[in-house]
Amino acid sequence: MKYFIQKIAKFFEPSKNLVLISLAFWITHILLRVMLLFRSNPYGFPFVSKPDWFIFHAVCIDFMWICNALVVFMVLGGIAAKIASSRRADSKIADTRSAGISNEATISKVAKITTILYTVFHSVILLFTLLDNEVQRFLGGHLSFGLVDTYKDTSSIAMFYDYVANDLSVPYLQFVVLVLMLPLTYGVYKLLYKHYRTPEGFRLKKSAIAMVIFYIASYLFVYFIWTGNARMNKLRPVVSLVYNDLFVSKKVAGLTEKDLAAYRTTYQNLWQRVEGDSLWKFSDAKEGHGLPLYRIPTKTLLNSEKLAAQREMKPNFILVLMESHRGLNTGYMNPQIQPSPTPFLDSLAANSHVWMRMHTSGVPTTGGVLSTHLGIPHHSRLAQATDLAHVSLPSFVSVLTSNGYSTHYMSAADPAWDNLGVWMAKWYTAEHYNREREDDSTFLNHAAQYVRDTLSKAGKPFLATLMTRSNHYPFNFAAGMTDEQKALPLQERINVTMNYADRQLAQFIRSIQNEEWYKNTYVIIMADHGFPLGENGVSTMNGGGFSNISWIPFFIHGKGLEPTRDTTTAAQIDIAPTVLELAGFAVPNIFMGHNLLRDTETTLNADSTIVKKERAGLSLGAYSGYSALGLDNYRVVSKTASNDEVYLFADGDMRQEHDLAKAESERTAKMHATLDTLIKISDYSLEHGL
């Protein structure tokens, strides 16, 4: 151990200036993190609702990347010094003493150059870190090449100045920090230099040991003790962002014009085949920015009496997104599970239009929530909530808001945690979250009171979207769980938490169902996603797109909807066009989904009896490295853009116990190719927006 400590000290001693510079810049980064996490955004709302859940991770992350940079520069400096010394030795200086002096001078010169380069490197990174922080506060996403490309015109500079001037936190504070942060860093460096300077020279041995210990502790804390992908995405340092943009993103080739044209044709033909009518037309017009998804309603649809009647009705909407509710654990979807964990959900579904083959279009929660709003599957590669926050993407909510609806997003979980709050702020009239109402009981009681006493009395139709929390992994969040229940295996514990959420939902609905306005309200119940609990050999969220994670409850209860068990293949991308149909609006859009309530084609038999053609369906989703497509009574699940793992199941095999990929190799290959095309089209559309 003593030998190891001596080695560490010896390693740091020649690069004492680099160590002190690193510590000085780290302290400045900590101050920048505090100013980001503990301030409000420019619009007066907290940047994160739980800064204490972020700050320690931020400190550790910054320490680790700064130490990594320190080691890189020390190694490069050492190599440069070695090369320079070797060249000096080759000059064959006769005087040994003079040779030693020259060698020391060479090493000193290399060390000085390394120090200058290291200081410049950190100064540039610090400037870009400040810019990245402000971009996050204003736009919700990190600084990236994609964002620069989006806002590359000079008018953006003037717009940024206006934002700074009207910042509801502290106007112009950004400019003050910009001017002072480098002098501050230099001042901290001088203090450290003075502290470590002794008559005998520099003493960094204890600090070097402390840095190594803190590095190990930081690594364990961030990656093992208290993990969180959403938090890590939000706290990514600039060096990581640059590396990702330069190297990781380039591994995925963009679409050529030729590929895009071919994919556009394939997608549009498939969409029209599934839709089954000609009420929508795809358009390559300028307002569609050349997006393959852009479609516009025909005059026939705009003049539809059915849509006019729905608009006249001005219905309200209550959309409830149930956290991690699996179809496999929902009573009416899986009668084999007894007793049912969801008795109220079952009773409400019995009087609603139910889709028995509904699939999520993205995981985790950000994937399910965003694909529900946007009508497009979650991005197959990017952390969409953070990486694409700067892209302009309309949702069904933005359509309702712009047409006079009062729209409110209510969440039991912190929407700022995974950057969902940034997206909701784009579309909704208001967001609601309170740290003291994270249990579904207090959350849904407050939501019922707000809907009943405020929204319903505002004189406008409303949309209230509710996101629950209690049924969340590791399925021990439900209030009042006994120690015995918490000790159950996950496969059984989820039934306890789903049952708890079901009881709170029952209380919410019963508290509003006798209100007069409720008669003119559509209640939409669905899950954000399921959860893998060992089925298909998968027990992690990024282990595949099987039904354990994708098959979810979904039904609509309300005026004019007869109780129905619908076996049409469907997905969350269908929610947006379906809700707008119920609201009576047909607007140009880039939804990949279909209106699940569209009229079906009817024909007459020879005996004059009416025959209704079964509505075609399509489900599409991207699931953390995997993707899936349901079409023509089959569902293909695949590792995205890979032939390594491809599965095929009959649509009715909801447990996905019988893989048909080998027996139906031709169908599998065809569906896999279609899936690949659709995912490329959806990724392209999300990246470009409108």
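Observations, loosely collected:
- Set side by side, the residues SER324, SER347, SER361 differ, and just one is among the polar types (S, T, N, Q) and closer than 16 Å to ALA576 by Cα, which is SER361.
- Whenever a residue of the range 482-503 is free of Cβ contacts under 8 Å to residues at least 60 places away in the same chain and surrounded by 20 or more Cβ atoms within 10 Å (Cβ to Cβ), its partners that are among the aromatic types (Phe, Trp, Tyr) and assigned to a loop (DSSP other than H, G, I, E, B), lying with C-beta atoms within less than 6 angstrom and at least six residues away or across chains, give the pairs ARG493/PHE475; THR497/PHE475.
- Taking the numbered list (1) at pLDDT 95 or above; (2) touching a Leu at 6+ places or on another chain (Cβ under 8 Å); (3) of a type in the set (Gly, Ala, Ser) in turn, SER392 passes all entries but (1).
- Filtered residues of the range 34-46 (kept if in contact with a helix residue (DSSP H, G or I) (Cβ under 6 Å, 6 or more places away or on another chain) and either among the hydroxyl-bearing types (Ser, Thr, Tyr) or touching a residue at least 40 places away in the same chain (Cβ under 8 Å) (or both)): LEU36, ASN41, PRO42
- Among the residues making up the range 621-645, those that are hydrophobic (A, V, I, L, M, F, W, C) and either closer than 18 Å to GLY530 by Cα or modelled with pLDDT of 95 or more (or both) are ALA622, ALA628, LEU629, LEU631, VAL636, VAL637.
- Boolean, MET498 is touching a Ser or Thr at 6+ places or on another chain (Cβ under 8 Å), assigned to a helix (DSSP H, G or I) and assigned by TED's automatic domain parsing to the domain that holds GLU323: yes
- Residues in the range 95-143 that are touching a Lys or Arg at 6+ places or on another chain (Cβ under 7 Å) and in a helix (DSSP H, G or I) were compared, and the one that is modelled with the highest pLDDT is THR106.
- Residue within the range 180-197 that is at pLDDT 85 or above, within 32 Å of the chain's Cα centre (by Cα) and either crowded, with 16+ Cβ neighbours inside 10 Å or closer than 30 Å to HIS594 by Cα (or both) present: yes
- Applying the criterion of being of a type in the set (Ser, Thr, Tyr) and not in a loop (DSSP other than H, G, I, E, B) to the residues of the range 343-376, the residue that is surrounded by the fewest Cβ atoms within 10 Å (Cβ to Cβ) is SER347.
- Matching residues, the range 512-560, being under 25 Å from the mean Cα position of the chain (by Cα), within 26 Å of GLY584 (Cα to Cα) and part of a strand (DSSP E or B): ILE524, ILE525, MET526, ALA527, PHE554, PHE555
- Any hit, the range 506-514, residues being among the hydroxyl-bearing types (Ser, Thr, Tyr) and either in contact with an Asp or Glu (Cβ under 8 Å, 6 or more places away or on another chain) or crowded, with 23+ Cβ neighbours inside 10 Å (or both): no
- Filtered residues of the range 635-650 (kept if of a type outside the set (A, V, I, L, M) and buried (at least 17 other Cβ atoms within 10 Å of the Cβ)): ARG635, SER638, THR640, TYR647, PHE649
The values are calculated or read from the model by the stated rules, or taken from the named source; none is laboratory data. Remember, predicted model here, so these are calculated numbers, not experimental data. Here Cβ is always computed from backbone atoms with ideal geometry, including for glycine, and neighbour counts include all displayed protein chains.
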